[in-house]
Each structure stands twice: as structure tokens, then as C-alpha cells.
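Worksheet: one structure, shown below.
We did not get these values from a lab; they are worked out from the coordinates using the rules stated. Everything numeric here is computed off the predicted structure, so don't read it as measured data. FYI the Cβ positions are ideal-geometry reconstructions off the backbone, even for glycines, and counts take in every protein chain you see.
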């Protein structure tokens with residue numbers, strides 16, 4: 001099990017489209033090679049942990065993925081784990097395929113999951129996302145899995161009118177009450193900045209808090225001063241675009257910025 005601490009830098013390994021998704025290329029070897037390439041660059045640049053995610057599978061299924069996606073994800077996570085060595089590796093299976101992600105984590109030795117829809121419900125671009133805490137934690141217990149749950153609260157790319165009477169602190173309390181090990185706060189979309197005030201508010205839940213979107217060298221120090229971890233994707237890629245390969249110099253720039261935090 002792994003939770004972030006001391007402003008850990010967590011790099012995203014965004015996978016190319018997996019089998020079953022609309023843009024699947026049919027080339028598994030190339031997909032795995034790209035995942036290894038990005039993982040190596042993230043580690044070389046100074047990341048403290050990695051998250052493997054099926055970002056290329058747009059548009060995402062809701063609350064599940066197909067068996068071929070699970071199989072391909074397991075291959076990718078295992079390959080990244082071999083590259084990472086002792087560095088913690090986690091994963092996310094979009095969208096909200098949290099039970100399948102737990103299975104991959106158990107099979108591959110991943111140490112944490114990023115989970116959307118853990119406590120409370122929301123409307124994502126895939127549709128209505130139900131809370132999954134009860135089923136997911138029962139499955140974790142039954143499997144004897146030492147896998148941490150990092151729960152998104154008021155997640156990006158989503159509408160939260162149904163929980164508009166809850167502030168971030170109350171969301172964080174709810175996630176903690178339901179058994180999360182860490183909470184993640186984000187901006188409105190991929191690459192959108194996360195206000196430092198959101199991190200401070202989420203601390204009311206008493207759990208470690210990670211920032212889940214929009215971190216750049218310009219704000220890494222300020223966010224690192226209040227957050228336990230920074231999950232970074234787009235800013236670490238060539239030209240700052242999530243579909244591009246990781247740029248090791250960009251990783252080093254965020255790492256260097258973190259070293260200046262107060």
C-alpha cells in the first residue's frame with residue numbers, strides 16, 4: 001500500500017488505446033514499448049511514483065471495461081512495474097472501472113488505485129457514476145489486497161449539482177468515512193489548474209491530499225507546500241499535450257520547482 005507524502009511527484013503513464021477501444025491500433029507490442037518509454041522518462045526525471053491509466057480509450061465505458069481491456073491493462077501495468085523496481089506503481093481504469101482495476105492491481109503488484117465515484121455520486125461525461133466504496137472495499141478485503149484507494153472528490157470533467165450542498169471539506173470527510181486512504185482534488189478538466197485553497201479545504205477530511213490536475217513548474221512549489229502529492233500528466237509531455245510522449249526535461253523542471261517549496 002502506498003499513499004503520497006512530502007509533496008511526492010507522481011507521473012502519469014498514459015497508455016495508447018487498448019484492445020476493444022475505438023482507436024486501438026492492433027499493435028500491442030508498440031503500446032507496451034510506449035508505456036515503458038514514458039515510465040523510464042518519468043523515473044529518470046525524478047518521479048516518486050507512477051500511475052498507469054487507459055487515457056487513450058476515449059470515449060470511455062461507464063463503470064466497467066471489457067475483458068480484453070483488463071488483460072491489456074494487466075500487461076501494461078506489469079511491464080511498468082518491472083521498469084519501476086521499488087518505485088510505487090498505481091493505476092486507474094476509466095471510467096470508474098474500479099473493481100476491474102483492483103483485480104489488475106492484485107495480479108500485478110500495484111500499490112494504489114485512483115478511484116472515481118468512491119463516495120457520493122456525480123454526472124460524468126460518460127453518464128451517472130455511482131459510489132463504489134462498499135463493493136470495492138469488500139472486494140479488497142476478500143482478496144487480501146494491500147492496495148491503497150486514492151479517491152477523487154468533485155472530480156474534473158463532471159457535474160456536481162446533485163452534491164452542490166457539500167463543500168470540499170464535507171466531501172473529504174465522506175470519503176474518509178467510507179474508507180479512502182487518500183483524496184484527490186482537481187481543476188475542472190485535464191490540464192486545468194487546481195487551486196491551493198481546494199487542497200487546504202480537502203484537508204478537513206484528515207486524509208493525505210493529492211493534486212490531480214494542472215500542475216506546472218509555475219505552481220508546483222505553491223501546491224507542493226500544501227499537498228502530500230502532485231499527480232502530473234500533461235505538463236510532463238512534449239509541448240504540454242497529454243497525447244505526446246513524456247519529455248524528461250519537463251519532468252526535471254517540475255522536480256526542480258518542487259525543491260523550492262516553502
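Quick one: which residue in 232, 248, 226, 238 is in contact with a helix residue (DSSP H, G or I) (Cβ under 7 Å, 6 or more places away or on another chain) and under 21 Å from residue 54 (Cβ atoms)?
Numbers: 248 fails: under 21 Å from residue 54 (Cβ atoms); 226 fails: under 21 Å from residue 54 (Cβ atoms); 238 fails: in contact with a helix residue (DSSP H, G or I) (Cβ under 7 Å, 6 or more places away or on another chain).
Exactly one residue qualifies, and that residue is 232.
Residue-wise test of (1) closer than 20 Å to residue 97 by Cβ; (2) surrounded by fewer than 17 Cβ atoms within 10 Å (Cβ to Cβ); (3) in contact (Cβ under 8 Å) with a residue 40 or more places away in the chain.
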residue	(1), (2), (3)
22	yes, yes, no
28	yes, yes, yes
51	yes, no, yes
54	yes, no, yes
59	yes, yes, yes
### Message
Name the residue that is surrounded by the most Cβ atoms within 10 Å (Cβ to Cβ), counting only residues in region 206-222 that are in contact (Cβ under 8 Å) with a residue 40 or more places away in the chain and assigned to a helix (DSSP H, G or I).
### Response
220
### Query
So, in region 236-251, of the ones that are surrounded by fewer than 16 Cβ atoms within 10 Å (Cβ to Cβ) and in a helix (DSSP H, G or I), which residue ends up nearest to the chain's Cα centre (by Cα)?
240
### Message
surrounded by 18 or more Cβ atoms within 10 Å (Cβ to Cβ) and within 21 Å of residue 62 (Cβ to Cβ): is that true of residue 110 in this structure?
### Response
no
### Restricting region 133-169 to residues that are in contact (Cβ under 8 Å) with a residue 40 or more places away in the chain, within 16 Å of residue 181 (Cα to Cα) and touching a strand residue (DSSP E or B) at 6+ places or on another chain (Cβ under 9 Å), the residue that is surrounded by the most Cβ atoms within 10 Å (Cβ to Cβ)
153
### Task
Determine, yes or no, whether residue 42 is touching a residue at least 40 places away in the same chain (Cβ under 8 Å) and closer than 22 Å to residue 60 by Cα.
no
### Query
Does residue 8 meet the test of being surrounded by 18 or more Cβ atoms within 10 Å (Cβ to Cβ), under 25 Å from residue 182 (Cα atoms) and under 18 Å from the mean Cα position of the chain (by Cα)?
yes
#### Entry: region 71-80, subset without any contact (Cβ under 8 Å) to a residue 60 or more places away in the chain and buried (at least 21 other Cβ atoms within 10 Å of the Cβ), residue nearest to residue 13 (Cα to Cα)
77
### Query
Looking at region 185-200, is at least one residue closer than 14 Å to residue 3 by Cβ and under 18 Å from the mean Cα position of the chain (by Cα)?
no
### Task
Could you please let me know if residue 121 is surrounded by fewer than 24 Cβ atoms within 10 Å (Cβ to Cβ), touching a residue at least 24 places away in the same chain (Cβ under 8 Å) and touching a helix residue (DSSP H, G or I) at 6+ places or on another chain (Cβ under 9 Å)?
yes
### Task
Quickly run through region 205-222 and pick out the residues that are within 20 Å of residue 114 (Cα to Cα) and more than 17 Å from the chain's Cα centre (by Cα).
205, 206
### Query
Quick check, is residue 179 without any contact (Cβ under 8 Å) to a residue 24 or more places away in the chain, on the phi > 0 side of the Ramachandran plot and touching a helix residue (DSSP H, G or I) at 6+ places or on another chain (Cβ under 9 Å)?
no
